[in-house]
Amino acid sequence: MSVSVIGGPKRESDLKIPGTEVRKIEKDLYEVFIGPQHPGSGHMRIIIRVDGDVIVEADPDMGYVHRTMEKLGEIRQYIKNIPLFERMAIQDACNVTVPYVLALEKILDIEPPQRAKYLRSLLCEINRIAAHLYGFGIFGVFIGHSTMYMWAFADREVMVELAEKLTGARLTHSYPIPGGARRDMPQDFPQAARKAARYMRRRLEEYRKIFLDNPVMKARMEGVGYIPKKLAAELGVVGPVARASGIKYDARYNDPYDAYDEVDFEIPVFEEGDALARAWVKVEEIKQSLRIIEQAVDWLESHTSEAPIHDKFWAKSPPLWKKVFEKEGRVKLLPMMATMKIPPGKAFARGETARGEIVYYVESTGDSIPYRVRIVSPSARNAIVFKYVVPGHRVMDLPTIYGSIDYFPPEADR
Amino acid sequence: MVEGLRFMKLSEEMVRVVIEKVKKELGDLVKSVEEGKGYISIKVPLNRLREAAVKLKNMGFDHVKSLTVTDYKKKGVFEVMYMASSYLDEELSRIIVSLTVEIDRNNPRMPSLSDIWTSVEFQEREVYEFFGIHFEGHPDLRPLLLVPDIADLKPLTKDFIVKEEPIFKS
């Protein structure tokens, strides 16, 4: 009697499942895959090669949350792109969409009324603080400081609620539209904003004590991820990363938009260029944002309320729209906007989000959908840091560098 | 912390000065220099692109903000714009110049500028996967965001049409 084996592995090669082939690696160099499942890098993978525990090569592997925004932008009406693009960074929604709106306004050749400019800048700064706190929290937990994580996320709630008071939505406000903003400031907003500013200032002092001046944390941040000024310019890094390396560049200052040329604030610039300096830039920026918020609120309070939208659109709106505005302070989305045709033209606009500069290039052929929208988000430009700055550091420094550049995958992948 | 920065709106005068500078520096390299909305467009022939890029970099345009490609299917060309600006020169940082070339849509090859502007390296990879443009001399030309089989479809060209669910379409 013979026994025949039905099924099961017959040869050694049958044991191999496709895609699990093993290959030998060179002596002493190991390839380590960090991510994409959140060991300090959600939605993104960094492939590093290590010699001992020194990284000799790093390759950022992005694209896990790519949502084809540029392509989708080409098949949707102009106005529908606003809620789409703000999905890049939901807690930073206004900052991300304002430059797109600016580009459209450049083609339309209109300028929003003063009140709309202040309202937009007000929300932009609230968003900036919320996004910085988010980044701070993630940074804290990356390098093992869970208190910072808890505190920053709890305090971010203050800013999120402030944004809700102003726009009606906690995140993804869809607030700026071509020619203006969607809502006027509510009556009780100024007190809330001033209270939040006082609270935030007090908290920043506590952040300094527990995190920035904490000797344990300082030891992990100081001198880590050093980017010299020249290299920073060459790599084209943006936002706090560039300003921590001594580059005096901020889109709000170098190409002022909205109300930024009227309010008084400073651009914090540090020369050290390491992870600690990048953390400090964020703290100083939050302080400046609080200043802008207070000034914007003062201005809005002392000027009479009017519809924060360009007359070109408002004059043609039906009476119901005006009634809704008088009653609720809300600019109901105008019907003409839904099918709005933008005259043929090309425009380029830039704006400063919390993580750095975002640029838009919009091309119109006179249709109601754009011919081309090009977006370059700050994290996409900062990703190059992984390749050029990380090698030479130890594996334990990688989370510090990652957290300090505040890399945000959904924004980088677009 | 460095303080005391002053705001200055970009004036027409400042743009004109830069246009004159660019014209003088690039000389016969350029086909045309025009002022666009938010940028200055410098058109150059493809075979002199690298020369022009080196000259712009020496002028102080030290990084590229956006590598923008537009597909003009009817004309049969891709328009490639290197939108550069400056970090180290404060005056130039207010200006954006776009170094523009047109390349054949059916044979999309052009020299890489990543050795001149390191900041463009990842964006060239992005353009490679979305438009299929080959950058000759790029150190590491492979897809950045997409998986290779999707990148083969060249999703951002106008040939790629987004299919929508036909439920509400008769």
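General remarks:
- In this structure, the residue pairs whose Cα-Cα separation is over 23 Å, taken from A:K165/A:K322; A:K165/A:K332; B:K23/B:K55; A:K346/B:K31; A:K341/B:K154; A:K312/B:K73, are A:K341/B:K154; A:K312/B:K73.
- Residue of A:T400, A:T97, A:T147 that the Gaussian network model of chain A assigns the largest fluctuation, springs spanning Cα pairs under 10 Å: A:T147
- Three-way shape label, the protein assembly as shown, alpha-carbon gyration tensor, a/c 1.5: rounded
- When the Gaussian network model of chain B links Cα atoms closer than 10 Å, the mean-square fluctuations of B:L67, B:L88, B:L26 top out at B:L88.
- For the pair A and B, total buried accessible area rounded to nearest 100 Å², probe 1.4 Å: 5100
- Normalised by the number of residues in chain A, the average gap of Cα pairs under 8 Å and 6 or more apart makes the relative contact order 25 percent.
- Label zone at B:K75, where the point sits 7 Å out along the Cα-to-Cβ direction: the stretch A:332-360 residues whose backbone N lies under 17 Å: A:344-348
- Area accessible to solvent at A:F142, 1.4 Å probe radius, in Å²: 30
- Gaussian network model of chain A, Cα within-10 Å springs - most flexible of A:L290, A:L123, A:L235: A:L235
- A:S146-B:K23 pseudo-label distance in nm [points 7 Å out on the Cα-to-Cβ vector]: 6.6
- Chain B: relative contact order as a whole-number percent, Cα under 8 Å and 6+ apart: 16
- In degrees, nearest ten, helix B:49-59 long axis to first principal axis of chain B (Cα): 40
- Dividing the helix sum by the residues of the protein assembly as shown, where each DSSP H run of 4 or more adds -39500 (n - 2.57), gives a mean residue ellipticity at 222 nm of -11500 deg cm²/dmol.
- Residues of the stretch B:27-170: accessible area per residue with a 1.4 Å probe, Å²: 44
- Computed E for A:K312/B:V15 - FRET, C-beta separation, R0 25 angstrom, nearest 0.05: 0.45
- Remark: spin-label model distance A:K322-A:R208 equals 5.2 nm, labels positioned 7 Å along the Cα→Cβ axis.
- Neighbourhood charge, 12 Å Cβ-Cβ cut-off, centred on A:R183 and excluding it, Lys, Arg +1 and Asp, Glu -1: +3
- Shape of the stretch A:203-325, Cα gyration tensor, a/c cut at 1.5: prolate
- Counting Cβ atoms of other protein chains within 10 Å of each residue's Cβ and taking the mean over peptide B:60-72 gives 5.
- Ranking by accessible area, most exposed first, for A:E266, A:E125 with a 1.4 Å probe: A:E266, A:E125
- Residue order by solvent-accessible surface for A:D51, A:D59, B:D89 is A:D51, B:D89, A:D59, largest first, with ligands and nucleic acids left out and a 1.4 Å probe.
- Residues A:D53, B:D28, B:D115, A:D250, sorted by accessible area with the largest first, give B:D28, B:D115, A:D53, A:D250 [1.4 Å probe; ligands and nucleic acids excluded].
- Residues of type lysines that A:K248 reaches as a straight line, Cα spacing below 19 Å, ignoring anything fewer than 8 places off in the same chain: A:K229, A:K230, A:K282, A:K287, B:K9, B:K57, B:K65
- Estimated inter-spin distance, A:I47 and B:D152, nm [label 7 Å along Cα→Cβ]: 1.9
- The stretch A:261-326 and the stretch B:10-56: distance between their alpha carbon centers, rounded to Å: 34
- Distance from the alpha carbon centroid of the stretch A:105-123 to that of the stretch A:138-190 works out to 21 angstrom.
- Treating r as the C-beta distance of A:E301 and A:F153 and R0 as 25 Å, the FRET efficiency rounds to 0.25.
- Each peptide in A:257-264, B:11-18, B:131-138, B:69-76 was scored by the mean count of other Cβ atoms within 10 Å over its residues; highest first, the order is A:257-264, B:131-138, B:69-76, B:11-18.
- Straightening the chain between A:R291 and A:E164 buys 43.7 nm, computed as 0.36 nm per residue apart minus the Cα-Cα spacing.
The values are calculated or read from the model by the stated rules, or taken from the named source; none is laboratory data. Since the model is a prediction, treat every value here as computed from it, not as a measurement. Cβ coordinates were reconstructed from backbone atoms using ideal geometry, including for glycine residues, and neighbour counts include every protein chain displayed. For the accessible areas, the whole protein counts, side chains as well, though only heavy atoms, and no ligand, DNA or RNA atoms are used. Shrake-Rupley method; radii C 1.70, N 1.55, O 1.52, S 1.80 Å.
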